[in-house]
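Only one structure is covered here, and it is reproduced in the block below.
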Amino acid sequence: MIRRLPTHIVNRIAAGEVVERPASAVKELVENAIDAGAKRIVIELEAGGKGLIAVSDDGIGMTPDELELAIERHATSKLDDDDLVHIDSLGFRGEALAALSGVSRMTLTSRPKDQETAFQITAEAGAVTGPSPAAGQRGTRIEIRDLFFATPARLKFLRTERSEGQAAKEVVERLAMTSPDVAFTLHLDSRQVLNLGVSSGELFQTFKARIGQIMGKAFFQNALAMDTERDGIGLTGMIGLPTESRPNGRFQHLFVNRRPVQDKLLKSALRAAYGDLLFAGRQPMAALFLDLAPERVDVNVHPAKAEVRFREPGVVRGLIIGGIKQRLAEAGCRTTSSLGTAALGVLSAGSQAPTPLTHRSQIERQISPGIGEEARAFQAPLDDSRPTTLDVGPPAARDDSLVGDIAPFIRDHPLGAARAQLFDAYIVAQSHNGMLLVDQHAAHERLVYERLKMALAEQGVPRQGLLLPEVVELEDDLIERLEARLPELERLGLVLETFGQGAVVVREMPAMLKDADIKRLVRDLAEDLVEIDKARSLESALERVAATMACHGSVRAGRRLSMTEMNALLREMEATPNSGQCNHGRPTYVALSEADIERLFKRR
Ligand code: ADP
Ligand code: MG
C-alpha cells in the first residue's frame, strides 16, 4: 500500500540531509540571520550544541504570520522570481527551519522593527504552539533544545561535546568571513570563544581584516593578497606563502559568490597552483573568494548547499592555478634567479612579501630581520663621531684560486663562480649579470632530496658496503621502529640488521653519505620514524628523511668550505632540477642583478 507520509515524518527525513550535527543547525540559523540583514549575531551553545543552540540577531524579524510560515516546509521569502538562477541569499530552499522543528524542541521569538511586542512560536518534534505575545528585542532569537531527541538513531552518531563545539566554531568562522560588516560572538557553555568586531574601511580592506581576525596574525603576515580577474570571474582573498603550509586542508576557506563551499574542484586547483613549492602531503592555507555571474554556477546541488557546479569548470580551474602561480612568482617564491627588484625584497625582508625599496631608511629597517646583526651594522650609516677615514689594515693576501680563472666559470655556468663565504653558511657567487647568495645548507638539502627522489624512481639509492660493519646502540623502541622499515630503508641505501637487544648493525650506507657519522644518522632517522605515521611510506615522507640525511652529509651550515667545494656545490645545483626553487617554501638562493645593485645605490 502506498501512502503519503505525515508532515512530521517528511520533515524528519529532510532533517537527515540538512542537519547532520549541531554545527549544521548553527550554520542554517546563522545563514538565516545574515540573510535577515543582521548587523550583530550572537550564538550560544551548551553541551556542544546537544543541550542548547541559540542564535539571536538584530535583523528584519518576522510577524506572527511569518513565524508560522517559517517552520513550514518549502516556505521561503528568498526566491522572488521563481527561478533558481538569481540566488543572492545564503538560504533559498525553505526547509531548514521545518527540518529542525521536526527533530528538536524549538522556540522562535521575533519582533520586526515596527511591531510593538515580540511574538513566539514553539515546536516540539513538529507539534506547533503559538504564536503568542512574548518579551523580545527587535530581531529574532531562535532556540533549539535537545536536538535529535526525536531521532535517537542520529543522536548516537554525535561526537564529544568538545568536537561538536569545535565544528560549530569553524562554521561560524567561515560564515563570518563572508560578512565582515556583521559582528559575531560565539559562546560555548558561557565561555566566549569568538568575538569578531566590525572594522571600518573600504570593502576589500574589511574582508582582509576579517580574514586576519580568523586565520590569525601569523598567517596574515605570511600571506599574499589576491585580487585578479579573468573572463568575468573575480578571484580575491589571501593565500599563504608556501612556508605556511599545513598537513591538511582545514585552513582552506573557499567561497563562491560569498557562500562557503567545500568543493573538490576548487581545492584541487588550489593545491595544484602550489605545485612542488610544497611537498606531497602538505596543503596551502588560503581564504579565497570567487565571484561570477549567478547563471554560471549552480548552487542547488546539495541540501546543505556546500557544493556547487560550475558551467565552465576548466575556466575556473585555470583562473585559480594561473592567478595563484603568478602571484607566488611575483612574490619571489619560485625561482629566485631572475627576480630583479623582487629579489631585493627577498634579500632584505626575510620571508615577507617583497616591497619595492624606495628610500634608505626603509632598507635599513628591512635588512635587519633578514640578515642579522653584522649585516645591519655594516649597512648602518656611519656614526658622525667616528673618524672619517676607514682603517682598512694591511692589504689582504690574494687568494690565487680566485684570480684569472673566474671568467670561464662566469661565462659557462648560470650560477657563476664562488667568490666568498659568509658566516660559514652562505656562499657569495658572481654570475654573468649579478651576484648570488646561496644558503649552502638549504641548497644541499634540496640536492639530497632530489637525488634520493631520482634514485628511488630508478633502482633505489646507490649503496656502499662498509668494510667494518658499524654497531649502533639504541633503545629498544627505536630499534623496533627501524625493524618495521628495513626494506624501505634498504631502498634508501641503508642496510641494517638487528643484532640481539639494544643494537643494530649497519652493513651498507648510501654512497652519497659516505662521510657521514653513521651512529648519529641512524639514531636521527629512528627518531624521525616516531613522527612519521606508521601507515605512511617512507617515500611519502621523503622530505623529512632527506632533510635528516642532508644534515649528515658533507655540506652543512656552520662549515667552512673551500673555493673548490663551493664551486662544486654550484655546479651540482645547476645540474639538479628544482634546485633554485623553494624548499619548504624557502629559496635556496637569492639573486641580485647588476641593475638591482645599481638601484640599491641609486645609480639608476
Ligand atoms: P530559507 O532560509 O531557505 O528560506 P529557512 O527554513 O531557513 O529557509 O527559513 C524560512 C524562512 O524563515 C526564511 O525564508 C525567512 O523568511 C524566515 N526566517 C528564518 N530565520 C529568520 C531570521 N533570523 N530573521 C528573519 N527571518 C527569518
Ligand atoms: Mg535558511
Residue tally, condition closer than 20 Å to residue 114 by Cα and touching a Lys or Arg at 6+ places or on another chain (Cβ under 6 Å), over the stretch 9-65: 3
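How many of the residues making up the stretch 11-45 are within 14 Å of ligand 1 (Cβ to nearest atom) and assigned to a helix (DSSP H, G or I)?
Total satisfying the criteria: 17.
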Can you pull out every residue in the stretch 434-450 that is under 27 Å from residue 411 (Cβ atoms) and either open to solvent by 10 Å² or more (accessible area, probe 1.4 Å) or not in a helix (DSSP H, G or I) (or both)? 434, 435, 436, 437, 438, 439, 444
What residue, among those in the stretch 191-226 that are closer than 27 Å to residue 310 by Cα and over 18 Å from the mean Cα position of the chain (by Cα), is least open to solvent (accessible area, probe 1.4 Å)? 204
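Just need a number here: residues in the stretch 15-26 that are closer than 16 Å to residue 184 by Cα and within 13 Å of ligand 2 (Cβ to nearest atom).
Of the residues in that region, 1 qualify.
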So is residue 421 open to solvent by 50 Å² or more (accessible area, probe 1.4 Å), assigned to a strand (DSSP E or B) and touching a residue at least 24 places away in the same chain (Cβ under 8 Å) or not? no
In the stretch 148-179, how many residues are more than 16 Å from ligand 2 (Cβ to nearest atom) and open to solvent by less than 10 Å² (accessible area, probe 1.4 Å)? 6
Restricting attention to the stretch 87-111, which residues are of a type in the set (S, T, N, Q), more than 10 Å from ligand 1 (Cβ to nearest atom) and not in a loop (DSSP other than H, G, I, E, B)? 107, 109
On the basis of being β-branched (Val, Ile, Thr), under 26 Å from residue 560 (Cβ atoms) and at pLDDT 85 or above, does residue 428 make the cut? yes
Cβ-Cβ distance below 8 Å, separation of 6 or more or different chains: which pairs start in the stretch 166-182 with a residue that is among the acidic types (Asp, Glu) and end on one that is open to solvent by less than 10 Å² (accessible area, probe 1.4 Å) and assigned to a helix (DSSP H, G or I)? 170/23
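Yes/no matrix, rows are residues, columns are (1) within 16 Å of ligand 2 (Cβ to nearest atom); (2) modelled with pLDDT under 85; (3) touching a strand residue (DSSP E or B) at 6+ places or on another chain (Cβ under 8 Å):
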| site | (1), (2), (3) |
| --- | --- |
| 28 | yes, no, no |
| 31 | yes, no, no |
| 52 | no, no, yes |
| 69 | yes, no, no |
| 78 | yes, yes, no |
| 88 | yes, yes, no |
| 101 | yes, no, yes |
| 113 | no, no, no |
| 118 | no, no, yes |
Quick check: is even one residue across the stretch 561-574 farther than 25 Å from residue 279 by Cβ, assigned to a loop (DSSP other than H, G, I, E, B) and either touching a Leu at 6+ places or on another chain (Cβ under 7 Å) or at pLDDT 80 or above (or both)? yes
Would you be able to say whether some residue in the stretch 180-188 is of a type in the set (S, T, N, Q), surrounded by 17 or more Cβ atoms within 10 Å (Cβ to Cβ) and outside the structural domain of residue 28 (by TED's automatic domain parsing)? no
Search the stretch 83-95 for residues that are touching a residue at least 40 places away in the same chain (Cβ under 8 Å) and pair each with any residue that is more than 13 Å from ligand 1 (Cβ to nearest atom) and open to solvent by 20 Å² or more (accessible area, probe 1.4 Å) when their beta-carbon atoms are under 6 Å apart and the residues are at least 6 apart or on different chains. 85/294; 85/295; 86/294
Yes/no for residue 84 being assigned by TED's automatic domain parsing to the domain that holds residue 167 and near ligand 1 (Cβ under 10 Å from one of its atoms): no
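Return yes when residue 79 is without any contact (Cβ under 8 Å) to a residue 60 or more places away in the chain, closer than 21 Å to residue 38 by Cβ and within 12 Å of ligand 1 (Cβ to nearest atom) and no when it is not.
In short, yes.
Within the group 65, 83, which residue is surrounded by fewer than 17 Cβ atoms within 10 Å (Cβ to Cβ), farther than 19 Å from residue 140 by Cβ and either within 12 Å of ligand 2 (Cβ to nearest atom) or of a type outside the set (Val, Ile, Thr) (or both)?
Matching residue, one of 65, 83: 83.
Hey, does the stretch 63-80 have a residue that's assigned to a strand (DSSP E or B) and either under 28 Å from the mean Cα position of the chain (by Cα) or not acidic (Asp, Glu) (or both)? It would help to see each step written out before you state the result.
Residues of the stretch 63-80 assigned to a strand (DSSP E or B): none.
Within the stretch 63-80, not a single residue is assigned to a strand (DSSP E or B) and either under 28 Å from the mean Cα position of the chain (by Cα) or not acidic (Asp, Glu) (or both).
The values are calculated or read from the model by the stated rules, or taken from the named source; none is laboratory data. Keep in mind the model is a prediction, meaning the values are calculated, not measured. Backbone-built Cβ (ideal geometry, glycine too); neighbour counts: all protein chains shown. SASA here: full protein model, heavy atoms, side chains in, ligands and nucleic acids out. Shrake-Rupley method; radii C 1.70, N 1.55, O 1.52, S 1.80 Å.
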